[in-house]
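Below is one structure, written out as structure tokens; comments come after it.
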Amino acid sequence: MTATDQIGNRSADSLLRDRAAQVIPGGMWGHMRAAAVPEGYPQFFTGGKGARVTDADGRDYIDFMCSWGPIVLGHQHPAVEEAAAARWRGGDCLNGPTDQAVELAELLVRTMPSADWALFQKNGTDATTGCVTIARARTGRRRILVARGAYHGAVPWCSPSLVGVTAEDRAHLAYYEFNDIASLEQAVADAGEDLAGVIVSAFRHDLGRALEMPDPEFATAVRALCDRTGAALILDDVRAGFRLHLGGSWEQYGVRPDLSAYSKAIANGHPLSAIIGGDAWREAAATVFVTGSFWYTAAPMAAAIATLNELHRVDGPAVMRASGERLRAGLAEQAARHGFEVVQSGPPAMPLMQFVGDTGDKLGEAFCQEALRRGVYMHHRHNMFLGTAHTAEEIDRALDVTDSAFSALARRRG
């Protein structure tokens with residue numbers, strides 16, 4: 001795919017990129033993951049329905065990125081959109097919250113065994129930053145332990161970029177290696193009596209490397225170390241929340257955090273995030289100053305209630321796990337048949353496929369470009385996302401495309 005259509009006219013996507021470059025710093029390159037997709041991918045879209053998206057040039061794709069995670073029930077899910085629209089008609093941004101704020105908090109507390117209360121924000125970064133603030137408020141300490149290479153948001157204390165970030169912004173961060181108990185124990189010892197919290201991802205999903213599920217012994221060790229020191233165990237469930245387990249991604253390991261951050265899938269694409277926590281952290285959560293002009297708008301909360309109710313009704317995690325396993329099995333068979341060795345990592349609902357020995361990810365990028373040309377939107381370095389709209393039929397249609405993509409890649413290699 002190129003920036004021109006078949007008759008040589010500029011594509012709508014190309015024209016929009018040029019216009020964006022004039023009025024948005026860096027154009028779209030530094031925003032909405034434009035720099036993270038392979039060459040030739042569309043940047044602008046006009047719509048989505050179910051498991052599919054439509055780009056600015058009218059081309060449809062089976063979508064395995066789900067807006068980089070928020071779409072968990074499929075684009076434009078009727079029950080979610082109807083709930084949000086009804087609340088919009090009654091008023092969205094008012095002088096205070098509506099009853100949806102209370103109803104949603106009650107639903108989260110019923111859903112999550114570690115939750116006694118909930119606070120709402122707009123973005124995942126809001127939630128992770130709020131968790132860190134609450135941990136410091138209750139403990140009166142400063143040091144936060146973070147897994148090396150982990151992503152927890154896009155503000156100075158945790159941004160993956162050092163541009164515009166000062167040493168003081170990160171003066172009280174220290175690092176450990178994910179799934180390495182000895183490394184964690186050393187970081188805890190180094191922090192001493194200044195340890196406020198340990199923040200962990202649901203699983204290791206660093207960009208460009210095989211995904212790594214938590215070792216149950218590691219998860220148990222994090223909990224034990226936080227109990228021993230009085231520090232907060234903070235689970236960053238922004239990316240994985242509601243796809244792996246409705247009660248929290250570490251519930252399957254029998255480990256319950258003190259504080260958890262959620263966003264992405266919580267409202268099926270409507271802007272919302274949440275912090276949940278246990279009673280021991282309630283007073284600190286009530287006293288810290290965290291707010292935003294649009295944090296308690298009502299329509300996204302109505303959308304979240306509808307989203308969570310639907311996930312409960314269909315057992316969303318089980319549906320996505322089955323679809324992911326179907327996709328994984330099909331890709332494995334196709335890769336072997338066409339003479340490629342691949343590694344598939346991560347949970348089935350959030351998969352990553354990489355080619356063995358693929359220096360510079362060239363094969364992976366080429367494969368995704370071949371799939372895109374045929375109508376399937378995938379990624380070769382970032383974990384992908386499945387939703388409940390990825391039915392067996394959609395997975396099989398996608399596998400027809402990926403089989404053709406593998407074939408094209410084999411011919412190109414030959």
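May I ask you to say which residue of SER345, SER323 is over 30 Å from GLU103 (Cβ atoms), of a type in the set (Ser, Thr, Tyr) and in contact with a Pro (Cβ under 9 Å, 6 or more places away or on another chain)? Walk me through how you get there before you give the answer.
Numbers: SER323 fails: over 30 Å from GLU103 (Cβ atoms).
Residue meeting the stated conditions: SER345.
Looking at segment 217-248, which of its residues are outside any helix (DSSP H, G or I) and either of a type in the set (Asp, Glu) or out of contact with any strand residue (DSSP E or B) (no Cβ under 7 Å at 6 or more places or on another chain) (or both)?
From segment 217-248, those outside any helix (DSSP H, G or I) are 230-248; that's our starting set.
Result: GLY230, ASP236, ASP237, ARG239, ALA240, PHE242, ARG243, LEU244, HIS245, LEU246, GLY247.
Pick out the one residue from TYR253, TYR262 that is within 14 Å of the chain's Cα centre (by Cα), in the same structural domain as ASP126 (by TED's automatic domain parsing) and hydroxyl-bearing (Ser, Thr, Tyr). Before you say what the answer is, go through the steps one by one.
Values: TYR253 fails: within 14 Å of the chain's Cα centre (by Cα).
The unique qualifying residue is TYR262.
Residue-wise test of (1) in contact (Cβ under 8 Å) with a residue 12 or more places away in the chain; (2) within 21 Å of GLY387 (Cβ to Cβ); (3) of a type in the set (A, V, I, L, M).
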{"site": "ILE234", "(1), (2), (3)": "yes, no, yes"}
{"site": "ASP237", "(1), (2), (3)": "yes, yes, no"}
{"site": "TRP250", "(1), (2), (3)": "yes, no, no"}
{"site": "ASP258", "(1), (2), (3)": "yes, no, no"}
{"site": "ALA261", "(1), (2), (3)": "yes, yes, yes"}
{"site": "ILE275", "(1), (2), (3)": "yes, no, yes"}
{"site": "ALA284", "(1), (2), (3)": "yes, no, yes"}
{"site": "PHE294", "(1), (2), (3)": "yes, no, no"}
{"site": "ALA304", "(1), (2), (3)": "yes, yes, yes"}
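From the list ALA304, ALA336, ALA349, pick out the single residue that is part of a helix (DSSP H, G or I), assigned by TED's automatic domain parsing to the domain that holds MET378 and either small (Gly, Ala, Ser) or surrounded by fewer than 19 Cβ atoms within 10 Å (Cβ to Cβ) (or both). Even if it seems obvious, please write down each step before you answer.
Working: ALA304 fails: assigned by TED's automatic domain parsing to the domain that holds MET378; ALA349 fails: part of a helix (DSSP H, G or I).
Selected residue: ALA336, the only one of ALA304, ALA336, ALA349 that is part of a helix (DSSP H, G or I), assigned by TED's automatic domain parsing to the domain that holds MET378 and either small (Gly, Ala, Ser) or surrounded by fewer than 19 Cβ atoms within 10 Å (Cβ to Cβ) (or both).
Only one of (1) part of a loop (DSSP other than H, G, I, E, B); (2) of a type in the set (Gly, Ala, Ser); (3) under 24 Å from ALA189 (Cβ atoms) fails for SER114. Which number is that?
(3)
Being β-branched (Val, Ile, Thr) and farther than 13 Å from ILE276 by Cβ is the filter; apply it to segment 223-262 and report the residue that is surrounded by the fewest Cβ atoms within 10 Å (Cβ to Cβ). Reasoning before the result, please.
Narrowing segment 223-262 to residues β-branched (Val, Ile, Thr): 229, 234, 238, 255.
Of the ones still in play, those that are also farther than 13 Å from ILE276 by Cβ are 229, 255.
Values: THR229: 19, VAL255: 22.
Going through the qualifying residues, I end up with THR229.
Looking at segment 352-394, which of the residues that are within 20 Å of ALA210 (Cα to Cα) and of a type in the set (Lys, Arg) is farthest from the chain's Cα centre (by Cα)?
Taking the candidates together, the pick is LYS362.
Residues checked against (1) over 24 Å from VAL238 (Cβ atoms); (2) assigned by TED's automatic domain parsing to the domain that holds GLY364; (3) touching a Cys at 6+ places or on another chain (Cβ under 6 Å); (4) in a loop (DSSP other than H, G, I, E, B):
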residue: ASP18; (1), (2), (3), (4): yes, yes, no, no
residue: GLN22; (1), (2), (3), (4): yes, yes, no, no
residue: GLU39; (1), (2), (3), (4): yes, yes, no, yes
residue: PRO42; (1), (2), (3), (4): yes, yes, no, yes
residue: GLY47; (1), (2), (3), (4): yes, yes, no, no
residue: THR54; (1), (2), (3), (4): yes, yes, no, no
residue: GLY58; (1), (2), (3), (4): yes, yes, no, yes
residue: PRO70; (1), (2), (3), (4): no, yes, no, yes
residue: ALA84; (1), (2), (3), (4): no, no, no, no
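Scan segment 388-398 and tell me whether some residue there is of a type outside the set (Val, Ile, Thr), under 26 Å from ALA202 (Cα atoms) and out of contact with any strand residue (DSSP E or B) (no Cβ under 6 Å at 6 or more places or on another chain).
Yes, the conditions are met somewhere in segment 388-398.
Given the conditions (1) β-branched (Val, Ile, Thr); (2) in the same structural domain as GLY40 (by TED's automatic domain parsing); (3) touching a residue at least 40 places away in the same chain (Cβ under 8 Å), which single one is not true for THR111?
Only one criterion in (1) β-branched (Val, Ile, Thr); (2) in the same structural domain as GLY40 (by TED's automatic domain parsing); (3) touching a residue at least 40 places away in the same chain (Cβ under 8 Å) is unmet by THR111, namely (2).
Does segment 269-285 include one or more residues that are assigned by TED's automatic domain parsing to the domain that holds VAL238, in a helix (DSSP H, G or I) and among the hydroxyl-bearing types (Ser, Thr, Tyr)? Before you say what the answer is, go through the steps one by one.
If we filter segment 269-285 for residues that are assigned by TED's automatic domain parsing to the domain that holds VAL238, which is where we start, we get 269-285.
Checking which are in a helix (DSSP H, G or I) leaves us with 279-285.
Okay, now just the ones that are also among the hydroxyl-bearing types (Ser, Thr, Tyr), so none.
No, that holds for no residue.
Of the residues VAL314, VAL356, VAL342, which single one is buried (at least 17 other Cβ atoms within 10 Å of the Cβ) and either modelled with pLDDT of 95 or more or in contact with an Asp or Glu (Cβ under 8 Å, 6 or more places away or on another chain) (or both)? Steps first, please.
Working: VAL314 fails: buried (at least 17 other Cβ atoms within 10 Å of the Cβ); VAL356 fails: buried (at least 17 other Cβ atoms within 10 Å of the Cβ).
The match here is VAL342.
Suppose the filter is within 26 Å of ASN95 (Cβ to Cβ) and out of contact with any helix residue (DSSP H, G or I) (no Cβ under 9 Å at 6 or more places or on another chain); does ALA298 pass it? Before you say what the answer is, go through the steps one by one.
Numbers: within 26 Å of ASN95 (Cβ to Cβ): yes; out of contact with any helix residue (DSSP H, G or I) (no Cβ under 9 Å at 6 or more places or on another chain): no.
So ALA298 does not fit the description; no.
Within segment 134-170, restricting attention to residues that are surrounded by 18 or more Cβ atoms within 10 Å (Cβ to Cβ) and among the β-branched types (Val, Ile, Thr), which residue is nearest to the chain's Cα centre (by Cα)?
My answer is VAL146.
Pairs needed: first member in segment 122-142, closer than 29 Å to ALA303 by Cα; second member anywhere, of a type in the set (Asp, Glu) and buried (at least 21 other Cβ atoms within 10 Å of the Cβ); C-beta distance under 6 Å; at least 6 residues apart or different chains.
Every condition considered, the pairs that remain are THR128/ASP236.
Report yes if ARG328 is modelled with pLDDT of 95 or more, of a type in the set (D, E, K, R) and in contact with a strand residue (DSSP E or B) (Cβ under 8 Å, 6 or more places away or on another chain), otherwise no. Spell out the reasoning first.
Working: modelled with pLDDT of 95 or more: yes; of a type in the set (D, E, K, R): yes; in contact with a strand residue (DSSP E or B) (Cβ under 8 Å, 6 or more places away or on another chain): yes.
Yes.
The values are calculated or read from the model by the stated rules, or taken from the named source; none is laboratory data. Remember, predicted model here, so these are calculated numbers, not experimental data. Here Cβ is always computed from backbone atoms with ideal geometry, including for glycine, and neighbour counts include all displayed protein chains.
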